[in-house]
Amino acid sequence: MRVAIAGAGNVGTFIANELVDNGHTVLLIEQTPAVAAKVPKHANLEVHVGDACEVSSLKEAGLETCDVVVAATGDDEDNLVVSLLAKQEFAVPRVIARVNHPKNHWLFNETWGVDLSVSTPHLITSLVDEAVSVGRLVRLFQLEGGAVRLVEVTLADDTPVSGLAVKDVEIPRDATFVAIVRDEHVVMVRGDTTFQPGDEVLALVTPESEDAVRSLLTGS
């Protein structure tokens with residue numbers, strides 16, 4: 001897979017190196033020549049000096065050949081512009097954007113071409129909630145500009161679905177159970193998979209189905 005990353009700072013460079021190590025081809029776009037020059041050389045890592053907020057620079061870099069674009073600069077405005085250009089001008093299938101300031105998180109949606117936004121403060125909060133909350137639904141990630149959400153529920157002792165098989169539970173049409181973490185092992189959900197207190201249930205939901213899934217698993 002070919003991935004373009006806007007911004008060769010610490011975050012962008014780290015992501016680039018990790019992706020290269022995982023076998024992907026990476027295009028790293030950085031407008032400051034001195035910063036670009038510090039990026040370690042690698043056969044599958046191409047560094048392009050240019051402004052990722054300019055269509056001409058993106059054309060020179062060959063953004064249309066990329067499967068994924070990651071807007072990873074330290075400026076939210078730049079990340080939004082990069083995301084919008086990647087989606088509208090180059091029809092990149094998947095656009096991921098870094099949110100630097102938590103108050104700007106609401107802007108990072110499909111209107112700006114963002115398929116997935118990553119806000120470190122929100123992510124840390126979710127992970128803390130996930131670690132300490134039992135019987136409460138916690139949002140982990142938002143996909144497709146918030147149209148799809150990955151949520152997690154640690155089932156309490158009084159969960160309404162205790163002992164029930166997935167096939168016997170009335171799941172909303174626009175929701176699905178992805179996996180269950182039980183005794184530190186991942187259980188892939190099938191029709192005959194049963195729910196047990198203490199299970200960490202991962203589900204994909206929409207804003208419309210989230211409350212129904214919450215009620216189903218927690219009774220609240």
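The values are calculated or read from the model by the stated rules, or taken from the named source; none is laboratory data. Quantities reported herein were computed from a predicted structural model and do not represent experimental measurements. Ideal geometry is used to build each Cβ from the backbone, glycine not excepted, and the neighbour counts take in all protein chains shown. With ligands, DNA and RNA removed, areas are computed over all heavy atoms of the protein, side chains included. Shrake-Rupley method; radii C 1.70, N 1.55, O 1.52, S 1.80 Å.
Here are a few things to note about the model shown:
- Some residue of segment 166-186 being part of a loop (DSSP other than H, G, I, E, B), more than 20 Å from Arg149 (Cβ to Cβ) and out of contact with any Gly (no Cβ under 9 Å at 6 or more places or on another chain): yes
- Residues in segment 43-77 that are open to solvent by 50 Å² or more (accessible area, probe 1.4 Å) and touching a residue at least 24 places away in the same chain (Cβ under 8 Å): Asn44, Val47, Glu64, Thr65, Asp67, Gly74, Asp75.
- Residue tally, condition under 23 Å from Asn104 (Cα atoms), modelled with pLDDT of 70 or more and of a type in the set (Ser, Thr, Tyr), over segment 126-143: 0
- Residues located in segment 174-218, provided they are open to solvent by 40 Å² or more (accessible area, probe 1.4 Å) and of a type in the set (Ser, Thr, Tyr): Thr176, Thr194, Ser215
- Yes/no for His105 being closer than 18 Å to Leu143 by Cβ, surrounded by fewer than 23 Cβ atoms within 10 Å (Cβ to Cβ) and not β-branched (Val, Ile, Thr): yes
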